[in-house]
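The values are calculated or read from the model by the stated rules, or taken from the named source; none is laboratory data. Because the structure is predicted, anything quoted here is derived from the model rather than measured. Counting neighbours? That spans all protein chains shown, and the Cβs are built from the backbone with ideal geometry, glycine included.
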Amino acid sequence: MLDIFLDGLKRILKSRIFPLAFIYLALFAVLIHRLFVLQIVEGPTYAEEYEYRDTEVREIKSTRGNIYDRNGILLASNTLSYSVVMEDSSLITSNNQRNAVIHKLIRIIEANGDTLDVPFYIIQNEDGEFEFTISGSALTRFKKKVYAYALVNNELTEAQKNATAKDVYDFLKNGTNIYPMFGISDEYTVEETLKIMSVRYALFNNYPKYMQITVASNISEGTLAMIKENMADLPGVDIKQETKRIYYDSMYFSHILGYTGLINAEELEKLNEGLEEEYYNSTDIVGKTGIEKEFEEYLSGKKGSETVAVNENNKVVEVVERTEPVAGNDIYLTIDANLQKAAYHILERRIAGILLEHIRPNLDYGTKGESASKIYTPIYEVYYALIDNNIIDINRLASDDAKDIEKQVYAKFRDARDEVYSKLEGYLAAGNEVTNNKAGDMEEYLDYIYDILVDKGVILIDSIEKDDATLRSYQNGKTPLSGFLQYALANNHVDLTKLGVDTYFSSEELYRKLLDYIWDVLDNDGTFNKKIYRYLVFSYKLSGTEICLLLFAQGVLEYNADDIKKLEDGTLSAYKFMTEKIKNLEITPAMLALEPFSGSIVINDVNTGEILAMVTYPGYDNNKLANKVDPAYYNWLYTDKTDPWMNRPTTQLIAPGSTFKMVTAVAGLEEGVVTTSEKILDLGIFDKITLPAKCHIYPRSHGSVDMANAIKVSCNYYFYEIGYRLATDSKGEFNEKLGLSLIHKYASLFGLDSTSGVEIGEARPNLSTKDTVRTTIGQGTNLFTPVQLSRYVTTIANGGTNYYLTLLDRIIAKDGKTILRNEPRVYKQLTEIKSSTWETIRKGMYMVANEQRGSVYELYGDFPITIAGKTGTSQISLSKPNNALFISFAPFEKPEIAVTVVIPNGHTSGNAAETARDIYKLYFNLADAEELTTGGAVLPENDISAFSD
């Protein structure tokens, strides 16, 4: 047996294929060994190396610094939230796939009530047309980014510069043969396409490309859960923990603090300007307005970074290196939060009282149109204001779930609209010869139709010569609107594309198309519909009772079965009900937007320029604008007729009225045209000028008064004479330019030719450039903001040190280190003004409040703290109530604070003086704070409300 085996082995060894077989066996053995080493021995090492195929550097956002009041009360901070982020993923290989992923992501986000955060600047308007939401340089930057790959020498071509919103939309959607762009298919609606396009645009402009963009921030738990569940189908999408900005008691501080939001293109360019390396990118949250914007450098902190290892699927497998971010610094303001909040409530209560005092139960407008002295507000204006200012939502009246009272009111509206349409059809009929001014109650509607056709670009008004005979004839009330429209059609002054037609129609057909367009527009035009509701209210077809019941039906007022029953059975009148709600501040001046509805209070330290309170009424909730904008709230703010956006203390320019008289007094005394003791007889009418000017108490007279007494009683005639003397040159001739230049000289010493120094946005003042005589009493074209008036009175209070006003107290790092401690800054030291001049004007301001016949003696004569002040009443027109102003300081003997109160359309300066008195009571603890700040409207006192200067 063995022999057989050995013989077989010999034959194999002698075989010619043996060497070849041996070689193959040897190689196979080596291969097996090598595989063993690679997979078993060195496998983990190679797997790790494979996993760490590449690294990326990602930034880590810093935490924004907090904002506090002067006493450490927290005004703004941060809380944790979750955001949806996205980056370009190598797993996505086509436009169709990328668009599908984004579409699915958007559906998840919106299904849970969240919204997209990516900014995009094209919308489709209510007419179905594409339009840009930006203009000017911002639009140019947008187009340059859109056409980035198609620029010529890095500049837009003429075609690109002139590209319409539709052109840009089409380019991004479909691209060209050379530049495919986003390739969004027609399976998506326009609305869906715009949303997909916004995310694609953000990714397209994201740099560096590995950076993530924020698609939605502060998402709900529902969105968070759904995205995590669908992560496998959403390549490039991730959830990121971030911070959300929170504002406390926002209604009181929003105008000071401002708010944060996603950086836009213009901000990105500005913030990176001058930096060696770009720091900000398109995913950053920055301060948009107020303190948040002005102290962005300190609040934002310093970003960190992390180097991450990623595999071939771009998935992070390890954090290789990490640099922690540095939190932003904390800002401490000069504002006293408790004083600010209390002053806001005081102001609201006083404004409500002024409004309430002037409401009448009938159609009595008082002296409106003839004089501003006694203007009243009919209760019917109050009823309509609730509709006009969108407190009552007229769109809800036609909804499927409308309540009975809503259906009842809508039926009246529908009948009235049909009646109006019927009449308008007659006036717009071809061949009609009745002009707008002869159309009675239809005139307003016809004028409005013309306006909207121009505003919407249907009538190409720029293509018509200004001296065109037919246009002028229409504007002069000699050609009916129907005739003008037919003329415009016949002469190619109508954009036919707006009508959805071309030129292949007869003139009669085109005119019918135009009329169809008008009816379609009017059907959905809120302003036009409101005109019909106004007609219903003032024709008594829509009753005050129905308006009151709508407030309950729409949840504006808390449900009250007893009030509803009394309104329905007539035992409670709508007038009494409404005035009670205003008195209780259940209906506020801010809701009605009826004059007066707004105001400002500025309280500052006269020895440092620090602002202790800077109140604007009404306020708004900046929480709904920070982080990401609440669209519904933004729209409400945008349409609210009280303009709650406005920071009135810093941006509302207002005629100062008689508060300006101390400037004139200083000019007169320092230029030597009058002495402190010289008396001037008030003759009532100052007739030394072409257009004579009256004293405010004419036909009565103040008699002979000196400087201090002229300030005390606010004698216009006295200051007219000073102005006339200032404008009289060495030849004895009246020189308007000379007079104005001297007034400007002294006004500038008080800072009335410049901004106050307050750190947030401020309007520049305007010194009068005409009418020297009237300029002396604050008329002419004088316009100043409340903070500018406050700096002016502060300079008087401290005897000549003109400080820059400030909101900043200190800046503190997170480790407690003081980064900056703000010190008082002097704008000007008025050493050139004689001490006798200071004594005289301060004496006059003392007498205003503390001597009989003083402007506000009835308010301050027995006040525990000695106040010095000056009233001011500036006229706007004969059809609007006068502005009410009061500037003041206290205590007179050793001044601590200045208080400036401005109530636009506040009727009389006495109303502003009463408001200031409440502030002094509060500040010096002369009354219970709760009593001053809680409760309803406070009516003006006695006859002082009638004081006007």
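Here Thr289 qualifies as crowded, with 17+ Cβ neighbours inside 10 Å, touching a His at 6+ places or on another chain (Cβ under 9 Å), at negative phi and touching a residue at least 60 places away in the same chain (Cβ under 8 Å).
Looking at Thr133, is it touching a Lys or Arg at 6+ places or on another chain (Cβ under 8 Å), at pLDDT 90 or above, of a type in the set (Val, Ile, Thr) and surrounded by fewer than 18 Cβ atoms within 10 Å (Cβ to Cβ)? The answer is no for Thr133. Report yes if Leu572 is of a type in the set (A, V, I, L, M) and either surrounded by 19 or more Cβ atoms within 10 Å (Cβ to Cβ) or closer than 21 Å to Val409 by Cβ (or both), otherwise no. When the stated conditions are applied, Leu572 passes them.
Residues are listed down the side, and each one gets a yes or a no for (1) more than 26 Å from the chain's Cα centre (by Cα); (2) in the same structural domain as Ala100 (by TED's automatic domain parsing); (3) over 30 Å from Met614 (Cα atoms):
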{"site": "Met251", "(1), (2), (3)": "no, yes, no"}
{"site": "Ser254", "(1), (2), (3)": "no, yes, no"}
{"site": "Glu269", "(1), (2), (3)": "no, yes, yes"}
{"site": "Thr289", "(1), (2), (3)": "no, yes, no"}
{"site": "Lys293", "(1), (2), (3)": "no, yes, no"}
{"site": "Lys303", "(1), (2), (3)": "yes, yes, yes"}
{"site": "Val319", "(1), (2), (3)": "yes, yes, yes"}
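All conditions in (1) closer than 30 Å to Ser730 by Cβ; (2) part of a loop (DSSP other than H, G, I, E, B); (3) in contact with a Ser or Thr (Cβ under 9 Å, 6 or more places away or on another chain) hold for Thr608, with the sole exception of (1).
Taken as a whole, the structure places Phe886 among residues that are touching a residue at least 12 places away in the same chain (Cβ under 8 Å) and within 17 Å of Ile354 (Cβ to Cβ).
Would you check if there is a residue in the range 347-361 being touching a helix residue (DSSP H, G or I) at 6+ places or on another chain (Cβ under 9 Å), at pLDDT below 95, surrounded by fewer than 21 Cβ atoms within 10 Å (Cβ to Cβ) and not aromatic (Phe, Trp, Tyr)? No.
On the given criteria, is Tyr149 aromatic (Phe, Trp, Tyr), assigned by TED's automatic domain parsing to the domain that holds Glu267 and surrounded by fewer than 13 Cβ atoms within 10 Å (Cβ to Cβ)?
Answer is yes for this residue.
Looking at Ala343, Ala337, which one is closer than 30 Å to Val902 by Cβ and surrounded by fewer than 23 Cβ atoms within 10 Å (Cβ to Cβ)? It is Ala337.
Determine whether the range 589-602 contains at least one residue that is among the small types (Gly, Ala, Ser), crowded, with 24+ Cβ neighbours inside 10 Å and closer than 30 Å to Thr214 by Cα.
Taking the range 589-602 as the starting set, the residues that turn out to be among the small types (Gly, Ala, Ser) are 590, 593, 598-600.
Among the residues that remain, those that are also crowded, with 24+ Cβ neighbours inside 10 Å are: 598-600.
If we keep only those that are closer than 30 Å to Thr214 by Cα too, we end up with none.
No.
When the range 667-696 is filtered for residues that are buried (at least 18 other Cβ atoms within 10 Å of the Cβ), more than 23 Å from Phe750 (Cβ to Cβ) and of a type in the set (A, V, I, L, M, F, W, C), the ones remaining, listed by number, are Ile680, Phe686, Ala693, Cys695. Against the list (1) over 30 Å from Thr775 (Cβ atoms); (2) assigned to a strand (DSSP E or B), the condition Met614 fails is (1).
The C-beta contact set for the range 661-680 (first residue on the phi < 0 side of the Ramachandran plot, second residue of a type in the set (D, E, K, R), distance under 6 angstrom, 6+ apart or interchain) comprises Val673/Arg725; Ser677/Asp706; Lys679/Asp706; Ile680/Glu721. Pairing residues of the range 111-127 that are without any contact (Cβ under 8 Å) to a residue 24 or more places away in the chain and in the same structural domain as Thr214 (by TED's automatic domain parsing) with residues that are among the polar types (S, T, N, Q) and surrounded by fewer than 20 Cβ atoms within 10 Å (Cβ to Cβ), at Cβ distances under 6 Å and at least 6 apart in sequence or on separate chains, gives Tyr121/Thr133.
Report yes if Ser879 is surrounded by fewer than 24 Cβ atoms within 10 Å (Cβ to Cβ) and small (Gly, Ala, Ser), otherwise no. It is true that Ser879 is surrounded by fewer than 24 Cβ atoms within 10 Å (Cβ to Cβ) and small (Gly, Ala, Ser). For the condition closer than 18 Å to Gly128 by Cβ, modelled with pLDDT of 95 or more, in a helix (DSSP H, G or I) and out of contact with any Ser or Thr (no Cβ under 9 Å at 6 or more places or on another chain), Leu536 does not qualify. Hey, among the residues in the range 640-656 that are part of a loop (DSSP other than H, G, I, E, B) and polar (S, T, N, Q), which one's nearest to Ile887 (Cα to Cα)? Filtering the range 640-656 for residues that are part of a loop (DSSP other than H, G, I, E, B) and polar (S, T, N, Q), the one nearest to Ile887 (Cα to Cα) comes out as Gln652.
Could you go through the range 568-587 and let me know if any residue there is on the phi > 0 side of the Ramachandran plot and either of a type in the set (D, E, K, R) or without any contact (Cβ under 8 Å) to a residue 40 or more places away in the chain (or both). Walk me through it before giving the result.
Step one: of the range 568-587, the residues on the phi > 0 side of the Ramachandran plot are 570, 585.
Applying the additional criterion that residues be either of a type in the set (D, E, K, R) or without any contact (Cβ under 8 Å) to a residue 40 or more places away in the chain (or both) yields 570.
Checked the range 568-587: at least one residue is on the phi > 0 side of the Ramachandran plot and either of a type in the set (D, E, K, R) or without any contact (Cβ under 8 Å) to a residue 40 or more places away in the chain (or both).
Comparison of Thr900, Thr915 shows that the only residue that is crowded, with 22+ Cβ neighbours inside 10 Å, among the polar types (S, T, N, Q), modelled with pLDDT of 95 or more and assigned to a helix (DSSP H, G or I) is Thr915. Scanning the range 403-414 for residues that are under 14 Å from Leu522 (Cα atoms) and in the same structural domain as Asp520 (by TED's automatic domain parsing) turns up at least one hit.
Determine whether the range 504-514 contains at least one residue that is exposed (fewer than 14 other Cβ atoms within 10 Å of the Cβ), out of contact with any Phe, Trp or Tyr (no Cβ under 6 Å at 6 or more places or on another chain) and of a type in the set (Phe, Trp, Tyr). Taking every residue of the range 504-514 in turn, at least one turns out to be exposed (fewer than 14 other Cβ atoms within 10 Å of the Cβ), out of contact with any Phe, Trp or Tyr (no Cβ under 6 Å at 6 or more places or on another chain) and of a type in the set (Phe, Trp, Tyr). The requirement of being closer than 25 Å to Lys341 by Cα, out of contact with any Pro (no Cβ under 8 Å at 6 or more places or on another chain) and in a loop (DSSP other than H, G, I, E, B) is satisfied by Asn925.
Candidates are the residues of the range 83-136 that are of a type in the set (Phe, Trp, Tyr) and assigned to a strand (DSSP E or B); the one that is farthest from Leu194 (Cα to Cα) is Phe132. Pairing residues of the range 770-786 that are among the aromatic types (Phe, Trp, Tyr) with residues that are part of a loop (DSSP other than H, G, I, E, B), at Cβ distances under 7 Å and at least 6 apart in sequence or on separate chains, gives Phe784/Leu653; Phe784/Pro656; Phe784/Leu752; Phe784/Pro765.
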